[in-house]
Structures are given as C-alpha cells and as structure tokens.
Amino acid sequence: MKKLLVKLIERMEKLPGKRVQPNFSCFGITDECFLRCKMCHKWKPDLATGSSPQRPSLQEWKRAIESLRNITEEGFLINFGGGEALLYEGVLDLVRFATDLKFRTNIATNGYLIDEAMARRIADSGLSSINISLDSLNASTHDYLRGVEGVYKKVSFAIEYLEKFAPHLKKGICCVIYGVNLDDIIPLVESIEKDKRLDWIYFMAAMQPNNTVPDKGWYKNEDYKYLWPIDKERVNSVIEHLIRLKNKDSKIVNPIPQLRVFASYFSNPDRFIKLVECNLSRAIHVSSTGDVFICFSYNKLGNIISGKIENLWSSEAALDIRKKISNCRKNCHFLINCFFEDDFPFSF
C-alpha cells in the first residue's frame, strides 16, 4: 500500500500543471538569542555551520518570499522564527514585504524585546499573529527555564504593549509541557481564559533541546532528563484536563488528537506516533544560513542565495527526499508540535 502511495505521488508531481504544494513554512532567519533556555541551545555555536557562516541579505530573503509566492495560495502562512526572530534587524521589513504579497505572517518570540517602540513597529508591519513563549505563571519557574532572570516580567510588559499599540494583532501564548512546569499548566490555561488580551494558548511537548547532538534516549540523559515529565499518571491527568477544557470551547488551539498524541508520546517516546507515514513532505524550512530543507533530518535542497525556492521545491532531490520521508519513523518536534496534522490515523 505504501509503495503504491509513493508511486501515486510521483506520478501526480510529474503531471503537467500538477505538483505538491507546500502547506507549512518556517523561515528561521536568525539563530542568535540572548536567553539561555534549558530547552534550546541555539545561543551556543551552531553544531552544523559553526559560528560565522554566510548569511542571506535582506534582499535575498525577499527574493525567497517572492519565489515562495509562486508555489503557494493566497493566505499561506510564513512563520518567522529563530533564535529570537526580533533580533534580526530586518524581520519586520520582511513581514511587511510578505504581507503586501498576501501572505499571512507569524513571529515566535520570547517577548523580551517588545517595548513601546517595538510594539508600534510590529503594528506598522502588518504582522498577522504573534506567539509569545510563557511556560508558567510562576516567575521563578519561567525564568529558570529561560535561563535569565526577569524574562517573566518582560513577557507581562510585552503583552501590555502589544495590546495598547497593536490592538488588532492576534496574540497567543506558546507553552511547552515539561516535568518542571507540569503543575503550572492548568493554572496558566485558566489565567489565559480570563485574559481578554490573549486569543489562544498553544501547547508543545518536550523535545530534545535544539542544537544538541542527536540522542534517541535524550530524555534519560543526565543533562536533559529534568525536562521530561517522568510521572506518567500525573502527565496523563494534566492532558485529560486539557482535553476537558478543549471540549468546553476554551482558548486551547491544539486539536484533541494532538493532545492525545502528547499522552502517547510521553508514555512511550520510542514508539512512532503515527500509523501511516510522516506528513512533513509538504513543509519548507529555510535556515538562518539560507539553506532550504523539507526536513532537517535529510539533505538540504539548496540555498536561497543561489537558488529559487520554487525550483528547489520541484527538483529531483526534493522528490527523492519525499520518498525517504514516507519511510521515516522518528518522533520529532515538527511532526508532533509545529506541523501536526490530525487528519491521519494516530496510534493512541
């Protein structure tokens, strides 16, 4: 059955006027960050590229956005990420450029840099939505996870500034479920339900920290295992509570199948969560160095400095990687968290 599906995809891509369209994109425009997050080590020298690789210019990023426009529908979403995306000097110029080309745009941020001036600039950029990281209402817990004192207070100010100076911007919270903040999850949801300034809360499951040497058993590694919720009964109880809230039309935007996948994943992280193949074959990732990937587990397709996204997307290399993805059985951050699709059968 799987071989037949792969052959069907190949034939569809080769039909005149027929090709697989992207339905997820992330432009990781910078790896720089001033925080020292426990779950993300992008503040360290990059394992793959070193500390000073070539970076695309602002104009080259704009050309990449123009090229993406040629293979996507109006309203397609570009996620601008990092590192801390707001550290990139031209990020709001890129947001304005993408908005004018009829893209929806989103920025993921730790909130630290959002003062009155930044909030006004964000409003002027036409940004569609913003995700602010907040892992606990307990300031010491959030600051501990972010590795810098005072981050929680900065998030509180950021929400206030955005509400005042960018009132039409859709604003939400992104929270990752760890062992250290497990007791804080439900109080955080209850607070956001009452906060008229915030439109949603989105949960992610703990993964191996970014920019660390791949380790299948990372959650047992002494360096990271404190992030893992080891009490299965307690984590299941929290997730079931989230599902009950979701059924009551709460601000939780995760679909219920994704929440159930979280429970399955935390119960047995070595078991592949899907009953069918991975859906990442339709994703476009662009790294801070301009390298274009469908999935970071496979070779890059090329670079936006020297190539167009539309050509790279339809290349033979891309077709080959899509075949390989169909056989992948790895639980990863994008599959479970960022690019979850609930229209597939899952193994919960």
query = Got at least one residue in the stretch 47-69 being in contact (Cβ under 8 Å) with a residue 24 or more places away in the chain, crowded, with 16+ Cβ neighbours inside 10 Å and either small (Gly, Ala, Ser) or in contact with a His (Cβ under 8 Å, 6 or more places away or on another chain) (or both)?
reply = yes
ask   = Taking the stated definitions as given, is residue 94 part of a helix (DSSP H, G or I), crowded, with 17+ Cβ neighbours inside 10 Å and in contact (Cβ under 8 Å) with a residue 60 or more places away in the chain?
value = yes
ask   = Going through the stretch 246-274 one residue at a time, which ones are surrounded by 16 or more Cβ atoms within 10 Å (Cβ to Cβ), part of a helix (DSSP H, G or I) and of a type in the set (A, V, I, L, M)?
value = 259, 261, 263
request  = Residue by residue through the stretch 283-315, note down the ones that are crowded, with 22+ Cβ neighbours inside 10 Å and among the polar types (S, T, N, Q).
outcome  = 287
ask   = Out of all the residues in the stretch 72-91, which are closer than 20 Å to residue 146 by Cα and not hydrophobic (A, V, I, L, M, F, W, C)?
value = 81, 82, 83, 84, 88
Options 230, 273: the member that is of a type in the set (A, V, I, L, M), at pLDDT below 95 and out of contact with any strand residue (DSSP E or B) (no Cβ under 9 Å at 6 or more places or on another chain) = 230
inquiry  = Among the residues that make up the stretch 124-143, is at least one of them closer than 28 Å to residue 246 by Cβ, within 17 Å of the chain's Cα centre (by Cα), in contact (Cβ under 8 Å) with a residue 24 or more places away in the chain and open to solvent by 30 Å² or more (accessible area, probe 1.4 Å)?
reply    = yes
note = Filter the stretch 304-317 for residues that are touching a residue at least 24 places away in the same chain (Cβ under 8 Å) and outside any helix (DSSP H, G or I); the one that is nearest to residue 69 (Cα to Cα) is 308
message = When you scan the stretch 221-236, do you find a residue that is closer than 26 Å to residue 83 by Cβ, assigned to a helix (DSSP H, G or I) and open to solvent by 70 Å² or more (accessible area, probe 1.4 Å), even just one?
response = yes
remark   = How many residues of the stretch 254-299 are within 29 Å of residue 85 (Cβ to Cβ) and in contact with a helix residue (DSSP H, G or I) (Cβ under 9 Å, 6 or more places away or on another chain)? The answer is 28
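Let's see how each residue does on (1) closer than 19 Å to residue 310 by Cβ; (2) of a type in the set (A, V, I, L, M, F, W, C); (3) part of a loop (DSSP other than H, G, I, E, B):
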residue: 56; (1), (2), (3): yes, no, yes
residue: 62; (1), (2), (3): yes, no, no
residue: 66; (1), (2), (3): yes, no, no
residue: 74; (1), (2), (3): yes, no, yes
residue: 86; (1), (2), (3): no, yes, no
residue: 89; (1), (2), (3): no, no, yes
residue: 98; (1), (2), (3): yes, yes, no
ask   = (1) modelled with pLDDT under 95; (2) open to solvent by 40 Å² or more (accessible area, probe 1.4 Å); (3) in contact with a Gly (Cβ under 8 Å, 6 or more places away or on another chain); (4) of a type outside the set (Val, Ile, Thr): which one isn't true of residue 199, the others all being true?
value = (1)
Residue 75 open to solvent by less than 30 Å² (accessible area, probe 1.4 Å), at pLDDT 90 or above, out of contact with any helix residue (DSSP H, G or I) (no Cβ under 9 Å at 6 or more places or on another chain) and not aliphatic (A, V, I, L, M) = yes
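Please find, among 17, 90, the residue that is at pLDDT below 95 and over 24 Å from residue 339 (Cα atoms).
From the options 17, 90, the qualifying one is 17.
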key: When residues of the stretch 316-327 are limited to those that are touching a Phe, Trp or Tyr at 6+ places or on another chain (Cβ under 9 Å) and buried (at least 18 other Cβ atoms within 10 Å of the Cβ), the one farthest from residue 292 (Cα to Cα)   = 325
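The values are calculated or read from the model by the stated rules, or taken from the named source; none is laboratory data. Since the structure is predicted, the reported quantities are computational estimates derived from the model, not experimental observations. Neighbour counts are summed over all protein chains in view; Cβ atoms, including those assigned to glycine, are modelled from backbone coordinates with ideal geometry. Please note that ligands, DNA and RNA were not included when accessible areas were found on the heavy atoms of the full protein model with its side chains. Shrake-Rupley method; radii C 1.70, N 1.55, O 1.52, S 1.80 Å.
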